[in-house]
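Report on the following structure.
Nothing in this text is a laboratory measurement; each read-out follows from the coordinates by a stated rule. These numbers were taken from a predicted model, which means no experiment stands behind them. No Cβ is skipped: glycine too gets one built from the backbone with ideal geometry, and neighbour counts run over all protein chains shown.
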Amino acid sequence: MSDFVSDNLRRLRESVPEGVELVAVSKFHPAEALMQAYGAGQRIFGESRALELEAKASQLPEDIEWHFIGHLQTNKVRKVVAHASLIHSIDSERLLMAVDGEAVRAGRRIGVLLQLHVAEEETKFGFTPEELAAFVTPELVSSLKGVEIRGVMGMASNVDDDERIRADFRAIRSAFDSLKETVFASQPSFDIVSMGMSHDWPIAVEEGGNMIRVGTSIFGEREY
Ligand SMILES: *Cc1c(COP(=O)(O)O)cnc(C)c1O
């Protein structure tokens with residue numbers, strides 16, 4: 001069987017190096033499109049809105065691994081914790097604590113990534129590298145009961161200048177390395193660097209990303 005989505009996915013997989021995890025960003029696309037990707041073997045999907053995640057998770061196969069990649073308000077945390085195995089977008093202490101509390105309440109242990117803010121414009125969400133270094137202490141990590149910090153996530157500036165994009169990804173990777181060498185030195189599961197989208201993932205991978213979040217190149221343009 002061949003269709004638009006599975007052809008795109010197959011082509012993409014041929015160019016993504018081994019060791020790089022592909023998150024298929026399915027936000028705003030209907031369940032049928034996800035099922036085409038599923039049929040082509042894709043199991044990790046990324047969603048950015050809590051209600052959409054909930055609706056899709058209840059309707060699609062149970063072996064899908066849902067990642068939450070959008071800005072998350074604390075009043076939506078419960079819905080996301082119920083379905084997601086990894087939340088990429090922890091952008092404040094308040095949110096981290098809310099996710100931890102809900103995960104404990106739900107009897108789950110959920111992976112999270114700390115979102116870095118390095119880009120010139122785009123999203124204003126996330127920690128600067130300096131804020132992150134100050135925030136993530138051994139005391140913080142040992143206080144978490146429901147979440148496990150698995151790594152970092154970030155976006156590059158939305159510009160045409162490849163060198164600027166490269167510098168942003170380098171800054172994200174560097175913030176990861178600093179934590180890996182210190183607070184997480186004895187935690188092998190701190191191993192995810194989520195960076196790179198449809199237009200810039202090859203640069204992200206060159207700069208040390210090992211998880212890419214690709215939507216448009218798989219599913220086509222979104223209709224908001
Ligand atoms: C939408 C989104 C993506 C995917 O972007 P594409 O350009 O469609 O590949 C990746 N990461 C985040 C955080 C997003 O919100």
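Any chance you could count how many residues in the range 151-160 are within 11 Å of the ligand (Cβ to nearest atom) and more than 16 Å from the chain's Cα centre (by Cα)?
Counting residues in the range 151-160 that are within 11 Å of the ligand (Cβ to nearest atom) and more than 16 Å from the chain's Cα centre (by Cα) gives 1.
With the structure loaded, tell me whether Ile212 is closer than 22 Å to Gly70 by Cβ and within 14 Å of the ligand (Cβ to nearest atom) or whether it fails that test. Spell out how you get there, then give the answer.
Working: closer than 22 Å to Gly70 by Cβ: yes; within 14 Å of the ligand (Cβ to nearest atom): yes.
So Ile212 fits the description; yes.
Taking Glu102 as the residue in question, decide whether it is of a type in the set (Asp, Glu), in contact (Cβ under 8 Å) with a residue 24 or more places away in the chain and surrounded by 16 or more Cβ atoms within 10 Å (Cβ to Cβ). Let's see the steps before the verdict.
Numbers: of a type in the set (Asp, Glu): yes; in contact (Cβ under 8 Å) with a residue 24 or more places away in the chain: yes; surrounded by 16 or more Cβ atoms within 10 Å (Cβ to Cβ): yes.
Judged against the criteria, Glu102 is a match.
Answer yes or no: is there a residue in the range 178-185 that is closer than 17 Å to His88 by Cβ and among the hydroxyl-bearing types (Ser, Thr, Tyr).
No: the range 178-185 contains no residue that is closer than 17 Å to His88 by Cβ and among the hydroxyl-bearing types (Ser, Thr, Tyr).
Find all pairs meeting these conditions: Cβ atoms under 7 angstrom apart; at least six residues apart or on different chains; first residue within the range 195-214 and without any contact (Cβ under 8 Å) to a residue 24 or more places away in the chain and farther than 17 Å from His117 by Cα; second residue near the ligand (Cβ under 8 Å from one of its atoms) and outside any strand (DSSP E or B).
Listed pairs, sorted by first residue: Ser198/Gly215; Ser198/Thr216; Ser198/Ser217.
Only one of (1) free of Cβ contacts under 8 Å to residues at least 24 places away in the same chain; (2) over 20 Å from Ile87 (Cβ atoms); (3) basic (Lys, Arg) fails for Lys124. Which number is that?
All conditions pass for Lys124, except number (2).
Please state which one of Glu163, Glu139, Glu148 is away from the ligand (no atom under 16 Å from the Cβ), touching a residue at least 40 places away in the same chain (Cβ under 8 Å), surrounded by fewer than 20 Cβ atoms within 10 Å (Cβ to Cβ) and on the phi < 0 side of the Ramachandran plot.
Values: Glu163 fails: touching a residue at least 40 places away in the same chain (Cβ under 8 Å); Glu139 fails: touching a residue at least 40 places away in the same chain (Cβ under 8 Å).
Exactly one of Glu163, Glu139, Glu148 is away from the ligand (no atom under 16 Å from the Cβ), touching a residue at least 40 places away in the same chain (Cβ under 8 Å), surrounded by fewer than 20 Cβ atoms within 10 Å (Cβ to Cβ) and on the phi < 0 side of the Ramachandran plot, namely Glu148.
Filter the range 84-113 down to the residues that are assigned to a helix (DSSP H, G or I) and of a type outside the set (Asp, Glu) and list them by number.
Keep residues of the range 84-113 that are assigned to a helix (DSSP H, G or I), which gives 93-106.
The answer is Arg94, Leu95, Leu96, Met97, Ala98, Val99, Gly101, Ala103, Val104, Arg105, Ala106.
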